[in-house]
Amino acid sequence: MSQDPDRAVYDLTPTARFIVMLGVVLASTCYTATILVATTLLPQMQGGLSATQDEISWVMTFNIIATAVCTPMTGWLVARFGRRMTMMGCLTGFSAATFMCGASTSLEMLVFWRIMQGGLGAPLVPLSQTLLLDIYPRRQHGFVMSLYGMSNILGPVIGPTLGGYIGEQMGWQWGFFMVLPVSLLAFILFRFFLPMDELTKKGAPLDWIGFLSLSAAIAATQLVLSRGQRLDWYDSTEIWISTVVAVVAFYVFLSHSLTAKDTFLNLGHFRDRNYAIGCLLVTLYGMLNFAPIVLMPPLLQQHAGFPDSAIGTYVAWRGVGNGLGFFAAMWLQRLDPRVTMIFATLVQTASGYWIAHLNLDVSQTTLAINSLMQGFSVGVFWVPLTVATFSTLAPEYRAEGSSVFHLLRNLGSSLFISVAVTEIVRTTGANYSRMTELATAYNKAWQLPWVTGAWTTETLSGIARLSKEITRQSTMIGFTNAFVLYTLLSAMAVPLCLLIRPPRRG
């Protein structure tokens with residue numbers, strides 16, 4: 001193993017590097033695919049297990065919580081067992097839990113194995129990124145991250161489509177079973193081509209105080225973000241209790257980490273300027289990356305009258321934009337990463353500003369171009385962000401740093417989606433109340449039939465049509481406010497990008 005920070009940690013042949021990278025792509029694709037496949041199969045699982053909508057939501061909620069809790073353990077697992085054993089062990093546990101998810105015969109059994117699936121699979125994504133940075137020299141990190149990014153969009157694009165089709169033809173269980181051959185192939189590649197590493201600390205103790213307090217803080221925060229809107233936020237006792245637990249647990253974790261000697265997470269990494277700024281940027285990235293995918297389909301389907309095929313096309317164009325963005329980043333890596341990130345941020349800000357000014361009569365072509373811009377900006381931004389963030393972090397700290405990096409990305413995504421949905425619901429209700437105040441017989445507009453058309457307050461059908469239109473426009477205002485917030489957050493990334501120190505050229 002090489003100790004030169006500009007060289008690869010593992011001295012592998014080009015063929016072995018490619019095979020390990022293939023295994024990394026397969027492992028991370030399996031994990032991301034299962035998350036989205038489960039979302040696609042929720043209606044089938046709800047019917048098959050005779051569950052209510054609130055009960056079946058725990059299948060997703062507990063999986064997200066388990067993922068968030070176990071992601072920070074990546075650093076300790078690597079320090080204790082090494083990269084190879086951690087990757088193979090997590091992949092084995094994840095595969096077994098995925099099989100048991102498909103074999104579940106009750107809701108309780110499915111929820112339990114979804115927890116195990118999320119917890120055991122959580123280290124796969126940060127460890128995949130760490131392995132790629134370790135098996136290639138620093139001068140090739142931009143190129144490798146671009147290839148990894150382009151290949152990694154296969155899971156989110158193919159997984160739900162294939163899983164939905166297989167689930168419809170053979171049952172929702174096969175949506176989980178289809179992942180197993182791919183994860184088995186990844187395990188075989190790691191077993192024969194990924195060497196043992198020496199950066200392990202045999203007998204490294206686990207800081208239980210730090211681990212348990214951080215786990216409690218993360219779990220409580222995810223509960224607040226996942227169930228806040230459904231339970232009407234702080235009108236609910238559950239949300240109050242979860243908030244108090246999150247605040248107290250995080251205070252315990254922070255005070256312990258700043259005063260103890262051997263801690264679960266080394267907060268000293270944040271003294272590295274690039275890493276600290278990168279963590280702030282990836283939190284913003286998480287806030288903005290998945291928001292359009294979550295927010296736009298319900299708006300287009302329920303209020304704009306788009307068929308499912310058109311919504312699928314909207315999501316697909318974003319995937320195309322991702323691929324083009326990662327390909328462009330492969331060549332833009334020759335530039336200062338700050339220039340590339342600011343360019344991507346400006347494209348994303350422009351797409352947010354554009355979509356915030358659209359209405360319910362938007363065309364499919366406009367949506368496709370906007371979705372393409374969003375995907376392109378995400379692909380261009382991710383590669384220089386990753387390379388610059390870890391360019392000054394020592395190789396032995398990459399696993400721990402990558403786990404925190406991806407944890408903040410996931411928390412940022414949950415936070416913004418919760419805030420956006422809350423704003424949409426609040427604005428929709430407020431504007432509906434204001435608009436209905438004008439729907440009275442005393443409004444002179446009702447004396448102009450060529451203005452009101454089919455909307456009237458004199459017949460039941462006319463009132464129903466009027467109420468539906470007011471609901472549509474009120475909801476559109478809510479989504480507009482959410483995308484204005486999206487645009488402002490995107491613009492906030494520009495001054496942070498300027499603070500990044502350019503990586504030293506090889």
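Mind ranking 467-475, 23-31 by how tightly packed they are, going by the mean number of other C-beta atoms within 10 angstrom, highest first?
23-31, 467-475
For the range 461-478, what does the Karplus curve 6.51 cos²θ - 1.76 cosθ + 1.60, with θ = phi - 60°, yield as ³J(HN,Hα) per residue in whole Hz, taken in order and with x for Gly and Pro?
5, x, 5, 5, 5, 5, 4, 5, 5, 4, 4, 4, 5, 5, 5, 4, 4, x
Report the local net charge at residue 265: Lys and Arg +1, Asp and Glu -1, summed over other residues whose C-beta lies under 13 Å from its C-beta. Don't skip to the end; give the middle numbers.
On the way: positive: none; negative: 207, 262, 400.
Cβ neighbours under 13 Å give a net charge of -3.
How would you order 420-430, 69-79, 232-242 from highest to lowest mean count of nearby Cβ atoms within 10 Å? Intermediate values should be presented prior to the final figure.
On the way: 420-430: 17.0, 69-79: 24.5, 232-242: 13.5.
The peptides rank, most packed first, as 69-79, 420-430, 232-242.
Multiply the residue separation of residue 357 and residue 169 by 0.36 nm, subtract the distance between their alpha-carbon atoms, and state the gained length in nm to one decimal.
The residue 357-residue 169 span can extend by a further 63.6 nm.
In a shell of Cβ-Cβ distance under 14 Å around residue 124, excluding residue 124 itself, what net charge do Lys and Arg (+1) and Asp and Glu (-1) give?
That sum, taken over residues with Cβ under 14 Å, equals +2.
Which listed residue (183, 226, 326) has the Cα farthest towards the positive end of the charge dipole for the chain, taking +1 on Lys and Arg C-beta and -1 on Asp and Glu C-beta about the Cα centre?
Toward the positive end, the furthest listed residue is 326.
Which value in nm describes the separation of the simple spin-label points at residue 106 and residue 498, placed 7 Å from the Cα toward the beta carbon?
6.0
Quote the FRET efficiency, to the nearest 0.05, computed for residue 13 versus residue 392 with a Förster distance R0 of 30 Å and r equal to the Cβ-Cβ distance.
My answer for the efficiency is 0.60.
Quick check on packing: order 42-50, 314-322 by the mean number of other C-beta atoms within 10 Å, highest mean leading.
Final packing ranking: 314-322, 42-50.
Remind me, relative contact order of the chain in percent, using alpha carbon pairs under 8 angstrom and six or more residues apart?
Relative contact order, the chain: 21 percent.
For the range 172-187, take each phi angle, set θ = phi - 60°, evaluate the Karplus expression 6.51 cos²θ - 1.76 cosθ + 1.60, and give the result in whole Hz per residue in order, putting x for glycine and proline.
4, 4, 6, x, 8, 4, 5, 7, 4, x, 5, 5, 5, 4, 4, 4
Rounded to the nearest 0.05, what FRET efficiency do residue 423 and residue 339 give with R0 = 35 Å and r taken as the Cβ-Cβ distance? Could you check? List each step's numbers first, then the result.
On the way: r = 33 Å, r/R0 = 0.94.
Step by step, r from the Cβ atoms, then E = 0.60.
Report ³J(HN,Hα) in whole Hz for each residue of the range 289-300, in order, from the Karplus equation J = 6.51 cos²θ - 1.76 cosθ + 1.60 where θ = phi - 60°; Gly and Pro get x.
Whole-Hz 3J(HN,Hα) from phi for the range 289-300: 5, 9, 4, x, 5, 7, 7, 6, x, x, 5, 5.
Computed from the coordinates by the stated procedures, all read-outs in this text should not be read as laboratory data. What you see is a predicted model, and the numbers here were worked out from it, not measured in a lab. Heads up, the Cβs are rebuilt from the backbone with ideal geometry, glycines too, and the neighbour counts pull from every protein chain shown.
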